[in-house]
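Written below as structure tokens is the structure these notes are about.
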Amino acid sequence: MNLNEEALMVHKEHNGKLATIPKTKLTDAHDLSVLYTPGVAEPCRKIHENKDLSFEYTCRGNMVAVISDGTRVLGLGNIGPEAGLPVMEGKAVLYKVFADVDAVPICLDTTDKDKFIETVRYLQPNFAGINLEDIESPKCYDIEDELKEKMDIPVFHDDQHGTAIACAAALLGALRLVKKDIKDVKIVLNGAGAAGTAIARLILDLGATNLTMMNSKGAMYEGMDMSRINRVQAKLLKRTNPDKIKGSLAEVAKGADVLLGVSKPGTFTPEIIKSMNKDAIVLAMANPEPETKYDAAKAAGARVVGTGRSDAPNQVNNVLVFPGVFRGAIDVRARKINEEMKVAATRAIANMIPDDELREDYVIPGAFDINVAPTVAAAVAKAAMDSGVARVKVDPEEVRKDTLERTKKLHLIMGKVKSLFTNE
């Protein structure tokens, strides 16, 4: 049985990957009176007096919506909301398993930007945060920006920022290993869509000074044909490619210290990698097939190589990011996820590996490192409080401990009830 066959079997056997279970017992009339009528009226009255109490008295306080229109799903493209639902459902499972965040998959049957925004805005009373997912570019920029303005809870497009944080964390780890400073290295970024532009913004915020973005036509520069770029790219071109170099990827990558890819399979040829600077760093993140295979890039001379794949070292995976980011944001009831919180998450992941433990095949923690989400959550919570977007104050160390305890307990429970789901 291959992976595709197994995935179909599991999804069909369990009728999907999610279920709703109660948090409290309901075994007699007293329980019914407490959980429903007449007892439920009291939390209703309290929330009516103070809407923020909905975070304490309802499931809202630990609930995120994973929302898509199915227009840009994984490597599948515009497959529609019904076909995109398994991905959103899977994302909800990851939230629960890695950070004990409850999540609900929602796929909207509209590709109209304004209708999407209006619908999501109306959902605000139900959730502590919104994870936007698999929405085509450049529409995704407008959706996120408008929702951030109109909503009083975090709105986070994971295809942009989750990818950017994971990539930047791997880059910082790799730079520490090769003893180079981000402000001194030449960076070439192949792919200027939603993920690419978010990566560019974040690594610029981290101190990069020599970054050139590439699209399918070649190097991008300020003053190029405006019909070929969107507003987000145009803004970035004021901060990138300082020498306004032109040319193909093969030409621009010569002498580069870092080559980042969120583009197409096979675009990082051995010749391109061989032309890079000594101790070259190559992060090839096209999904599901990267711009270069790990072994091929190493054979071509790259010092550090990372991909999005789980069958090779240095996996650059969003699962390192979004569970902890939302855990931290939820725990302080943040009103938004800002740049300070993204930078904090990046540095938290990158610094998990001490200098003396860094290796060419270990510059970023593994996806199943149980300490990642707690570490990220603590850093994000602190950044939210420091930057003034938190509703409540907490001890970041308590956030870390609580998240670790939550996930350990959840994994223990999952192990005990495994037989219920596997017929063992």
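Only Lys, Arg, Asp and Glu count, each charged at its Cβ (+1, +1, -1, -1), so figure out the dipole size of the chain about its Cα centre, rounded to 20 debye.
740
Please arrange Cys59, Cys167 by accessible surface area, largest first, computed with a 1.4 Å probe and ligands excluded.
The residues order as Cys59, Cys167, largest area first.
I'd like the distance between the alpha-carbon centres of the range 203-279 and the range 140-156, rounded to an integer number of Å.
For the range 203-279 versus the range 140-156, the Cα centre distance is 28 Å.
What length, rounded to one decimal in nm, is gained on full extension from Lys274 through to Lys254, with 0.36 nm per residue of separation minus their alpha-carbon distance?
Here the segment from Lys274 to Lys254 would lengthen by 6.3 nm.
Give the relative contact order (percent, whole number) for the range 87-165; include only Cα pairs under 8 Å separated by 6+ residues.
26
Which listed residue (Gly306, Met220, Ile135) has the Cα farthest towards the positive end of the charge dipole for the chain, taking +1 on Lys and Arg C-beta and -1 on Asp and Glu C-beta about the Cα centre?
So the residue furthest toward the plus end is Met220.
Could you name the lysines whose alpha carbon sits less than 16 Å from that of Lys298, not counting residues in the same chain fewer than 8 places away?
Lys274, Lys278
Which helices pass in the chain if a helix is a full DSSP H run, must span at least 18 angstrom along its long axis by Cα, and must have mean Kyte-Doolittle hydropathy not below 0.0?
For the chain, where a helix must reach 18 Å along its axis and average at least 0.0, the hits are 81-99, 158-178, 372-386.
Normalise the Cα radius of gyration of the chain by 2.2 N^0.38 Å (N = residues in it) and let me know the number.
Cα-based Rg divided by the globular estimate yields 1.02.
Report the full-extension gain for the segment Leu204 to Asp181: residue separation times 0.36 nm, less the Cα-Cα distance, to one decimal in nm.
7.0 nm
Of the listed pairs Lys293/Lys342; Lys342/Lys401; Lys150/Lys336; Lys186/Lys254; Lys23/Lys51; Lys148/Lys336, which have alpha-carbon separations greater than 19 Å here?
The pairs that break the limit, which is 19 Å between Cα atoms, are Lys293/Lys342; Lys342/Lys401; Lys23/Lys51.
Given the options Gly324, Ile153, Ile337, identify the residue whose Cα lies farthest towards the positive end of the charge dipole of the chain (+1 on Cβ of Lys, Arg; -1 on Cβ of Asp, Glu).
After comparing all options, I get Ile337.
At 222 nm, what helix-only mean residue ellipticity would the chain give, in deg cm²/dmol to the nearest 500, using -39500 (n - 2.57) for each DSSP H run of four or more?
-13500 deg cm²/dmol
First select every other residue whose beta carbon is under 15 angstrom from the beta carbon of Ile370; then total the charges, Lys and Arg +1, Asp and Glu -1.
+3
In the chain, if the dipole is taken from +1 on Lys/Arg beta carbons and -1 on Asp/Glu beta carbons about the Cα centre, which of Ala253, Gly77, Gly173 is farthest to the positive end?
Result: Ala253, furthest along the dipole toward the positive end.
For the range 214-359, what's the relative contact order in percent, using C-alpha pairs closer than 8 Å and at least 6 residues apart?
Once normalised by length, the contact order is 14 percent.
At a threshold of 8 angstrom on Cα-Cα distance, excluding pairs fewer than six apart, so keeping six or more, what relative contact order does the range 1-116 reach in percent?
Here the relative contact order equals 21 percent.
Per residue, how much accessible area does the chain show when a 1.4 Å probe rolls over the protein heavy atoms, in square angstrom?
Accessible area per residue: 48 Å².
Treat every Asp and Glu Cβ in the range 1-127 as -1 and every Lys and Arg Cβ as +1, leave all other atoms uncharged, and give the resulting dipole magnitude about the Cα centre to the nearest 20 debye.
Around 220 debye, computed over the range 1-127.
The values are calculated or read from the model by the stated rules, or taken from the named source; none is laboratory data. Bear in mind the structure is a predicted one, so any value in this text is a computation, not a measurement. Glycine gets a Cβ as well: all are built from the backbone with ideal geometry, and neighbour counts include every protein chain shown. Ligands, DNA and RNA are stripped out before the accessible areas are found, and what is left, the full protein with its side chains, is counted by its heavy atoms. Shrake-Rupley method; radii C 1.70, N 1.55, O 1.52, S 1.80 Å.
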